[in-house]
Structure formats: structure tokens, C-alpha cells
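Here, each number is a calculation from the coordinates, and none is a lab measurement. As the structure is a computational prediction, the values presented were derived from the model and not from experiment. Note: ideal-geometry Cβ built from the backbone for every residue, glycine included; neighbour counts use all protein chains shown.
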Amino acid sequence: MRIAVVTLFPEMIREALAHGVVGRAIQGGVLKVECFDPRAYTSDVHRSVDDRPFGGGPGMVLKVEPLRAALRAAMNVMPGGSRRVYMGAAGRQFDQGVARAALEWPGLVLLAGRYEGVDQRLLDAEIDSEWSIGDYVVSGGELPALVVIDALARLLPGTLGCAESAGQESFSDGLLDWPHYTRPAELGGVAVPTVLTGGDHAAISRWRLREALGRTWLRRPDLLERRDMSELERVLLEEFKATTGKA
Ligand code: 9D3
């Protein structure tokens, strides 16, 4: 997959992408990420990328011309049909469904803003969609762009080891995780659930699915409302409710 990021802080993007799962995806050629700095596309002596807002008020607004030149330079190296997405707090909330849909695109150009935002005329003329990463305020679009890149990279075939394989539909998709344990099997008098040390792999799978369903029911009932539950899932959730006493 090809991703371009239009950003005033290209080092922030490059440094973050050098590590872990995403770093390996880039090293292995499964993912290519390029940065385009609007400051490199300025023509005035001060290399200015921002200016004061019409109408007054605090903060600065990113100017049209450097952003437009950087976006077009990015689109020129990207495959035809690539989409241009502005990372903005007023956008559609990015989630796993948006990530899966974006995997089908030939390429993705992410625009990360700074200061109070971007001149609206640039967004109207040069942007296909706007994504937010959630209802909280961060200082610019770079961290949100990195969140998007990380979520996409994990879905690319060859990024995760076969032990993980996020690409395949798993029984736990759309559910919260089950609890995890490692050695020692007993710690300060607190033992690991006995099913996990018993070696019955079918029982372990049932236990994990039951715990995932139960936690999701307790903490994120909205996720279960959207879910088309199988008969096994209904049975396991009823078992969970019967053992917690919270039904
Ligand atoms: C407190 C300032 N806000 C006044 C109404 C506007 C504002 C300007 C710039 C809010 C956030 C930002 C910078 N944020 C992003 O660029 C951003 C973001 C976010 O803050 N939250 C969630 N998703 C995103 S995507 C880009």
C-alpha cells in the first residue's frame, strides 16, 4: 500500500514509523510512506505557510497555495485513483470499518493540519473526505495520521506474523479482548484460571470467547447491539451472565 502525508513536521512521521510492526512493514516493502512538506513549496522569502484568520481571532490558518502544491506533488507520485483525506476533528470518526474500506484504495494522501486549521477553500477543492480519530483535542493532524497509518499497516498481508494475522476474520472481531495471563501460574495466592493450564484447547477457546463476550457486554454493550450473534455466542454470553450475577 502507498501512503503520502502532507505535513509541516515530516520528521514526526518518519521517526514514529521506524519502529515495531509498521517499521517492519515498510522495511519489507508491504507499505511505502512518503512525506511532503508544504514549506518546500513556498515561493516567498519567509517561506510562510500560515497567515492570520480573516474576521480576526487567535491563532493562524494554513494558506492555500503551499498546501495545494504539496498535495498535488503527492498525488503526482501516487497511483491513479488515490484518495485525499484531511485529518480533522470535525471529520467522520475513523474506526476499523473505515480502515478496512481504505485498504481497497490504490493509495491514500493524508493531510495533517496545524494551528487553527486549513483555509476552507483548500478543503473544498482538493480533499475527498475528512477523518477524526475521536472526540478529544490534539495539537495537529500528525498523531491522528500516524494512528491511521498504524491501523492500516496491521491489516496488510505480511505485516503481522501468521500467529497474529489481523487480516482474517477472527471469532473475536468486534469484541473486546479476553484476559491474558503468563507465568507464574500462582502469584501472591492468586491463581491463573485453571482452564488455561489444563491443556484442553477446545475448552480454552470457549472460555476466551465467553470472557470476550462478557467483557464486551459489561463495558461496551453498544458493540454487542451491532453484532449478529451466533447461537454459540448467545449460549456463552448467558453462561457468563449466570456466573457474574450481573444479569
Ligand atoms: C481547541 C481548538 N479548536 C477550537 C474550536 C479547534 C481545533 C483546532 C485544531 C481543534 C483541534 C485542532 C488540531 N487537531 C487536529 O488537527 C486533529 C484532530 C483532533 O484534535 N482530534 C481528533 N481527531 C483529529 S484529526 C486532526
Only one of ARG114, ARG92, ARG47, ARG52 is of a type in the set (Lys, Arg), loosely packed, with under 15 Cβ neighbours inside 10 Å and in contact with a Gly (Cβ under 9 Å, 6 or more places away or on another chain); which? ARG52
Members of segment 72-89 that are within 19 Å of ARG14 (Cβ to Cβ) and surrounded by 15 or more Cβ atoms within 10 Å (Cβ to Cβ): ALA73, ALA74, MET78, MET87
Residue list for segment 1-51, filter: outside any loop (DSSP other than H, G, I, E, B) and acidic (Asp, Glu): GLU11, GLU15, GLU34, ASP50, ASP51
